[in-house]
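The structure appears right after this line, and notes come after that.
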Amino acid sequence: MPLGGRKKKKGAPPMLDTTPSGFNAAQSFAVGPAGSDLTLAQGAASKTGGKEIKFTATGITYDNEEKQLSESYFEPWDPTQKTFLGKGAAGMVYLMRKKDSGEPVAVKHMSMADKSDRDQTIEEVRSMWKLSHTNVVRFYGAYWRQQDQTVCFVLEYMNSNSLQHILRASHGTPMAEPVVGRVLGGVLAGVEYLHSQQIIHRDLKPGNVLVHDTGEDVVVKVADFGIVKTMESKKFSTTGVGTVAYMSPERLEINHDVGYDYATDLWAVGLIAGECATGAHLYPREVQFVQFDFIVHVSSNPTPNVDPARHSAELHELIGERISR
């Protein structure tokens, strides 16, 4: 289940400064004696409203609620070696099993050495803490590993990898429309649930859509909540983060007086559906990776869609509705 992201640096993992606390304009963190625990918070004027997130060897506490978990609850899926699932933006993901039930779980080890990693962890905890939906990857809890000073997220294991992996393995072969419909239905259900919780995902792409085969059914779930935006009382967001190739026009050309809202996620869903249906991204590959080039192409060309001569009118209309300007 490759997750993508930057490569882990060779050598020992970076360690946090174990002085009593560190501060910057928006974030504070405190490490317990000899690195025994970690407390993260963002200031009262910022997103967490000053609520602390505390990680210990026995679990995580947030918003006056505790989820008890410990490394001792789990064992490697393969007793002879660690089963590596992939690399995330902040660390490594391993396949483990619960000792009491044998249930597989994905355990993501995340370094807390950088402020950006801590910001992402705060955002993920805030959003996933309250989420519960069939089409959203489940968060069981987290714990602190004192020996290498990493936070470990325990997540639902998805046994059929990411949609990105499936698309790459198909080598450009389009999915049948009934399959596209199943994928699209699952992603939309997850996204609509997030929006009902006042959350914009902001990084929807095939790599953040995971697939699970139960043997009787295939379930599609939305994952990776590191850069979500909780709207709360705000009508629009004005932060330009995410993956360029799946950004909506209003996010590519941020106007801080206007911003963007939940519709930006639906644009990404439309592009994902088009990629499944055609076997390739709807925009040319050569403009997908540089934001300026992508902005120029998007602003100077018609909105793309699947070929109506090769695909049903229903699919053409469904994609068009989501990537309309």
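Read the figures in this text as sums done on the coordinates, not as results from a lab. What you are looking at is a predicted structure, and each value in this text was computed from that prediction instead of being measured. Ideal geometry is used to build each Cβ from the backbone, glycine not excepted, and the neighbour counts take in all protein chains shown.
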Legend entry - Where a label projected 7 Å from the Cα of residue 103 along Cα→Cβ would reach, residues of the stretch 133-171 with amide N under 20 Å: 133-144, 152-161
Inset, instruction - Calculate the spin-label point distance for residue 253 paired with residue 171, positioning each point 7 Å from the Cα along the beta-carbon direction, and give it in nanometres. - result: 4.1 nm
Legend entry - Residues 214, 303, sorted so that the one with the fewest Cβ neighbours within 10 Å comes first: 214, 303
Inset, instruction - Taking 7 Å along the Cα-to-C-beta vector as the label spot, tell me the residue 218-residue 78 distance in nanometres, rounded to one decimal. - result: 2.6 nm
Inset, instruction - Compute the signed sum of charges (Lys and Arg +1, Asp and Glu -1) over the other residues within less than 13 Å, Cβ to Cβ, of residue 182. - result: -2
Inset, instruction - May I ask you to compute the full-extension gain from residue 310 to residue 133, defined as 0.36 nm times their residue separation minus their alpha-carbon distance, rounded to one decimal in nm? - result: 60.3 nm
Legend entry - Percent of alpha-carbon pairs separated by more than 27 Å within the stretch 21-156: 17 percent
Legend entry - Virtual spin-label span in nm between residue 115 and residue 68, 7 Å along Cα→Cβ: 3.7 nm
Inset, instruction - Multiply the residue separation of residue 198 and residue 57 by 0.36 nm, subtract the distance between their alpha-carbon atoms, and state the gained length in nm to one decimal. - result: 47.6 nm
Inset, instruction - Kindly rank 218-229, 95-106 from highest to lowest mean number of other beta carbons found within 10 Å of each residue. - result: 218-229, 95-106
Inset, instruction - Pull out the extension gain between residue 160 and residue 286, defined as 0.36 nm times the separation in residues minus the alpha carbon to alpha carbon distance; nm, one decimal. - result: 42.4 nm
Inset, instruction - Just rank 29, 292, fewest to most, by other beta-carbon atoms within 10 angstrom. - result: 292, 29
Inset, instruction - Mind scanning 99/130; 115/229; 54/82; 54/115; 51/98 and naming the pairs with a C-alpha gap bigger than 20 Å? - result: 99/130; 54/82; 51/98
